[in-house]
1. When the residues of segment 93-119 are narrowed to those that are modelled with pLDDT under 80 and hydrophobic (A, V, I, L, M, F, W, C), which ends up farthest from the chain's Cα centre (by Cα)?
2. Do we find that LEU42 is at pLDDT 95 or above, under 20 Å from ASP124 (Cβ atoms), of a type outside the set (Gly, Ala, Ser) and under 14 Å from the mean Cα position of the chain (by Cα) in this structure?
3. Given the conditions (1) under 20 Å from the mean Cα position of the chain (by Cα); (2) without any contact (Cβ under 8 Å) to a residue 40 or more places away in the chain; (3) surrounded by 15 or more Cβ atoms within 10 Å (Cβ to Cβ), report the number of the one that TYR65 does not fulfil.
4. What helices (runs of 4 or more DSSP H) lie completely within segment 25-129 and have 2 or more residues being more than 21 Å from ARG8 (Cα to Cα)?
5. Which one of LYS142, LYS51 is in contact (Cβ under 8 Å) with a residue 24 or more places away in the chain and over 19 Å from HIS20 (Cβ atoms)?
6. For SER98, all conditions in the list (1) over 23 Å from MET131 (Cα atoms); (2) free of Cβ contacts under 8 Å to residues at least 40 places away in the same chain; (3) touching a helix residue (DSSP H, G or I) at 6+ places or on another chain (Cβ under 7 Å); (4) of a type outside the set (A, V, I, L, M, F, W, C) hold save one; what is the number of the exception?
7. I need every pair where a residue in segment 72-87 that is at negative phi has its Cβ under 7 Å from the Cβ of a residue that is surrounded by fewer than 19 Cβ atoms within 10 Å (Cβ to Cβ) and assigned to a strand (DSSP E or B), sequence separation at least 6 or different chains.
8. Do you know which of the residues in segment 11-33 that are of a type in the set (A, V, I, L, M) and closer than 19 Å to SER78 by Cα is surrounded by the fewest Cβ atoms within 10 Å (Cβ to Cβ)?
Amino acid sequence: MRLSTRGRYGLKAMYQLAIHYGEGPIPLNSIASAQEISENYLEQLMSPLRKAGLLNSVRGAQGGYMLAKSPSEITVGSILRALEGEMAPVDCVLENFSGCEREENCVTKLVWLKMKEGINEVIDSISLQDMLNERAEMESKKSRA
């Protein structure tokens with residue numbers, strides 16, 4: 001399973017906001033520049049993240065975006081689902097799948113279900129705070145070397 005650019009860039013943007021959590025609104029151009037993402041593309045990602053309750057936006061000269069919750073309360077899974085939809089390797093294990101004629105005898109569905117469960121377990125266990133902690137650990141190792 002591969003994530004689309006939406007998911008990858010959205011996670012990078014949210015991580016950038018987590019770095020600046022508590023500093024007030026961060027302008028879109030600052031996020032785009034720091035993560036080397038097109039500002040126009042990034043703008044398209046902000047609406048679904050806002051609608052999912054993960055971001056707040058502030059208009060005006062001092063405006064921008066900020067996390068709606070603390071980094072410890074926002075998981076990678078919540079970000080990816082807001083941008084990508086339900087995470088699954090194949091359609092037949094999605095919640096709203098209407099079924100297929102081979103479903104009763106499909107031995108591979110067990111594999112797809114286990115993969116979906118594993119993916120969700122991983123992405124729901126990692127928060128933006130975990131990513132910040134990992135960054136701090138990496139920087140600490142560099143400074144000791």
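The values are calculated or read from the model by the stated rules, or taken from the named source; none is laboratory data. This structure is a prediction, so every number in the text was calculated from the model and none was measured. Backbone-built Cβ (ideal geometry, glycine too); neighbour counts: all protein chains shown.
1. CYS100
2. Values: at pLDDT 95 or above: yes; under 20 Å from ASP124 (Cβ atoms): no; of a type outside the set (Gly, Ala, Ser): yes; under 14 Å from the mean Cα position of the chain (by Cα): yes.
No; evaluated as a whole, the condition is false for this residue.
3. Going through the list (1) under 20 Å from the mean Cα position of the chain (by Cα); (2) without any contact (Cβ under 8 Å) to a residue 40 or more places away in the chain; (3) surrounded by 15 or more Cβ atoms within 10 Å (Cβ to Cβ), TYR65 breaks only (2).
4. Details: elements: 28-35, 39-51, 76-84, 109-125.
Of the helices (runs of 4 or more DSSP H) lying wholly inside segment 25-129, those with at least 2 residues that are more than 21 Å from ARG8 (Cα to Cα) span 109-125.
5. On the way: LYS142 fails: in contact (Cβ under 8 Å) with a residue 24 or more places away in the chain.
Answer to the selection: LYS51.
6. Tallying (1) over 23 Å from MET131 (Cα atoms); (2) free of Cβ contacts under 8 Å to residues at least 40 places away in the same chain; (3) touching a helix residue (DSSP H, G or I) at 6+ places or on another chain (Cβ under 7 Å); (4) of a type outside the set (A, V, I, L, M, F, W, C), SER98 fails exactly one: (3).
7. none
8. Checking each candidate, the answer is ILE19.
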